[in-house]
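Undergrad: Can you read through this structure? Questions will come right after.
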């Protein structure tokens, strides 16, 4: 295992996956981005089950809310209710800006909530500032 | 007293009689055009006049001697009984409405007044047929409920549609921007031009969706009216427009503006739209000069926002408030055509009116009113 920051991106839209990859490409912090497409697989990855038995433990999770099968809210609730996983910072990254979604996410102990900006330049800036804050400034719990 | 109303004293002691009682009770009761009846304290109809019988289609023998309550619509029986109890306790009834069954089984709405005289064992009732006005009221209620529902649906639809539209738009705009950033100048001139058009189209669509969202949100969010200092509001709107004003030499004069009852978010959207219009539609080589003022009306404040710009021809004066209505080419003056429609909606929401002053051919003057809030306890219903 390397010392790279392990990021788990839970996102079902390939277009958004690629945008996040593009945005992280120029990141200053060495990182490894893992991508899963639905909530069920996200929980398997985090619990190192099934095809993700060898998955590394993510340092941080970028979570979309609108997901097939198990939706983002349930994933968030499961993670925060699991003593093994609850310390992993969860960044909700969603196209929603609905007040109800924001309330729900923080109610379930999301570490922060970000609405994906429509403008690509702003999207890049948002991902960069995530990187700057969560990967450089914040001290994350050691595994 | 007995002399003043002879029929009542007679009726008090009269047994239930059919046609035979007619001469004894006097002509006025039977011949009255008003629907009249007398009901004994035990609830049985003692007498009913011709008007009542005719209106309900009964023969005298159908009604007289029967329990009055048996003819009342089942849903109205409880209320009717309660009022009957009041009558027995000596309280007159000025107006009470219930549905009364006709001979053919249909019901008519009757408005009753009733009273009893001391010493009598019956009540004197008079009725008016109010079925038609009930029918109108029901129809109006139904139409209003339908209108409200369809308005809510529409607002909800506009909100969801514009919200869901922004999601695929985000994909298109992001990737075309990536294309432009990474490949401009590497393909041929045609490709650069095409990408340019896509970027331009996407930018316009984004502005449209943002404006539509703002428009639909202004009806989804119920405005809570509270005290708003319009002076502060306008000065901060002008500060936000510094970027637009820039080096253009434009000036905005803000007069004394009042504190009104409104919603700060909606009012600032209103001023922002009107101010940015005033600063946008400027005549060539003439720096914009905008004046914001307010005048006290008997029951409202009337605001004016005047500019020295290109003005609006009288023929277009009404049309400018229509959704998506634009009077200029996009390259000349950009915009979505939603701004003034939104302004009108906000003003209407507060019970006010917005219009364009006469003589707005040379420079525009927009006027709008924000009526005073009538305290709920003084409101006329």
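Undergrad: What are the pairs with Cβ atoms under 6 angstrom where one residue, in the stretch B:137-156, is closer than 30 Å to residue B:214 by Cβ and the other, located anywhere, is surrounded by 10 or more Cβ atoms within 10 Å (Cβ to Cβ)? Sequence gap at least six, or different chains.
TA: That search, which allows pairs on different chains as well, returns B:155/B:216; B:155/B:219; B:155/B:220.
Undergrad: What is the number of the single condition among (1) more than 14 Å from chain B (Cβ to nearest Cβ); (2) under 30 Å from residue B:213 (Cα atoms) that residue A:64 does not meet?
TA: Tallying (1) more than 14 Å from chain B (Cβ to nearest Cβ); (2) under 30 Å from residue B:213 (Cα atoms), residue A:64 fails exactly one: (1).
Undergrad: Somewhere in the stretch A:76-88, is a residue within 14 Å of another protein chain (Cβ to nearest Cβ) and loosely packed, with under 14 Cβ neighbours inside 10 Å?
TA: no
Undergrad: A further question follows. Tell me which residues, restricted to the stretch A:121-130, are buried (at least 21 other Cβ atoms within 10 Å of the Cβ) and farther than 13 Å from residue A:95 by Cα.
TA: Within the stretch A:121-130, A:124, A:127, A:130 meet the criteria.
Undergrad: Another question, then. Do we find that residue B:279 is touching a strand residue (DSSP E or B) at 6+ places or on another chain (Cβ under 8 Å) and more than 24 Å from residue B:227 (Cα to Cα) in this structure?
TA: yes
Undergrad: Filter the stretch A:1-25 down to the residues that are closer than 21 Å to residue B:171 by Cβ and without any contact (Cβ under 8 Å) to a residue 40 or more places away in the chain, then identify the one that is nearest to the other protein chains (Cβ to nearest Cβ).
TA: A:15
Undergrad: When you look at residue A:117, is it surrounded by fewer than 20 Cβ atoms within 10 Å (Cβ to Cβ), in contact with a strand residue (DSSP E or B) (Cβ under 8 Å, 6 or more places away or on another chain), under 28 Å from residue B:166 (Cβ atoms) and without any contact (Cβ under 8 Å) to a residue 60 or more places away in the chain, yes or no?
TA: Against the criterion (surrounded by fewer than 20 Cβ atoms within 10 Å (Cβ to Cβ), in contact with a strand residue (DSSP E or B) (Cβ under 8 Å, 6 or more places away or on another chain), under 28 Å from residue B:166 (Cβ atoms) and without any contact (Cβ under 8 Å) to a residue 60 or more places away in the chain), residue A:117 does not qualify.
Undergrad: What is the residue count in the stretch B:239-264 for residues that are under 22 Å from residue B:345 (Cα atoms), touching a helix residue (DSSP H, G or I) at 6+ places or on another chain (Cβ under 9 Å) and surrounded by fewer than 19 Cβ atoms within 10 Å (Cβ to Cβ)?
TA: 3
Undergrad: Tell me the residue from A:93, A:140, A:130, A:43 that is within 14 Å of chain B (Cβ to nearest Cβ) and under 15 Å from the mean Cα position of the chain (by Cα), please.
TA: So the residue among A:93, A:140, A:130, A:43 that is within 14 Å of chain B (Cβ to nearest Cβ) and under 15 Å from the mean Cα position of the chain (by Cα) is A:93.
Undergrad: Given the residues A:135, A:140, which is the only one that is touching a residue at least 60 places away in the same chain (Cβ under 8 Å) and surrounded by 14 or more Cβ atoms within 10 Å (Cβ to Cβ)?
TA: It is A:135.
Undergrad: Which of the following residues is farther than 26 Å from residue A:125 by Cα and without any contact (Cβ under 8 Å) to a residue 12 or more places away in the chain: B:167, B:193?
TA: On inspection, the qualifying residue turns out to be B:193.
Undergrad: Taking only the stretch B:84-106 into account, find how many residues are closer than 19 Å to residue B:67 by Cβ, under 39 Å from the mean Cα position of the chain (by Cα) and surrounded by 13 or more Cβ atoms within 10 Å (Cβ to Cβ).
TA: Of the residues in that region, 9 qualify.
Undergrad: Are any residues in the stretch B:206-239 away from chain A (no Cβ under 14 Å), in a helix (DSSP H, G or I) and modelled with pLDDT of 80 or more, and if so, which ones?
TA: Across the stretch B:206-239, the qualifying residues are B:230, B:231, B:232, B:233, B:234, B:235, B:236, B:237, B:238, B:239.
Undergrad: Only one of (1) surrounded by 13 or more Cβ atoms within 10 Å (Cβ to Cβ); (2) more than 10 Å from chain A (Cβ to nearest Cβ) is not met by residue B:172, so which one is it?
TA: (2)
Undergrad: Ok, one more. What pairs come up if the first residue lies in the stretch A:51-62 and is closer than 9 Å to residue A:6 by Cβ, the second is modelled with pLDDT under 90 and in a loop (DSSP other than H, G, I, E, B), and their beta carbons are under 6 Å apart, counting only those six or more places apart or on different chains?
TA: Every condition considered, the pairs that remain are A:57/A:143; A:59/A:140.
Undergrad: If you don't mind, there's one more thing I want to ask. Mind checking whether some residue in the stretch B:118-125 is within 34 Å of the chain's Cα centre (by Cα) and either over 26 Å from residue B:33 (Cα atoms) or modelled with pLDDT under 90 (or both)?
TA: no
Undergrad: I've got another one for you. From the list B:145, B:126, B:114, exactly one residue is touching a helix residue (DSSP H, G or I) at 6+ places or on another chain (Cβ under 7 Å) and away from chain A (no Cβ under 12 Å). Which is it?
TA: Selected residue: B:114, the only one of B:145, B:126, B:114 that is touching a helix residue (DSSP H, G or I) at 6+ places or on another chain (Cβ under 7 Å) and away from chain A (no Cβ under 12 Å).
Undergrad: Could you please let me know if residue A:99 is within 13 Å of another protein chain (Cβ to nearest Cβ) and over 21 Å from residue B:175 (Cα atoms)?
TA: yes
Undergrad: Additional query: When only residues in the stretch A:23-52 that are under 22 Å from residue A:125 (Cβ atoms) and in contact with a helix residue (DSSP H, G or I) (Cβ under 7 Å, 6 or more places away or on another chain) count, which is modelled with the highest pLDDT?
TA: A:35
Undergrad: Right, here's the next one. Do we find a residue being under 20 Å from residue B:113 (Cα atoms), assigned by TED's automatic domain parsing to the domain that holds residue B:107 and modelled with pLDDT of 90 or more anywhere in the stretch B:22-35?
TA: Yes.
The values are calculated or read from the model by the stated rules, or taken from the named source; none is laboratory data. Just so it is clear, the model here is predicted, and its values are computed rather than measured. Glycine also receives a Cβ, built like all others from the backbone with ideal geometry; neighbour counts cover every protein chain displayed.
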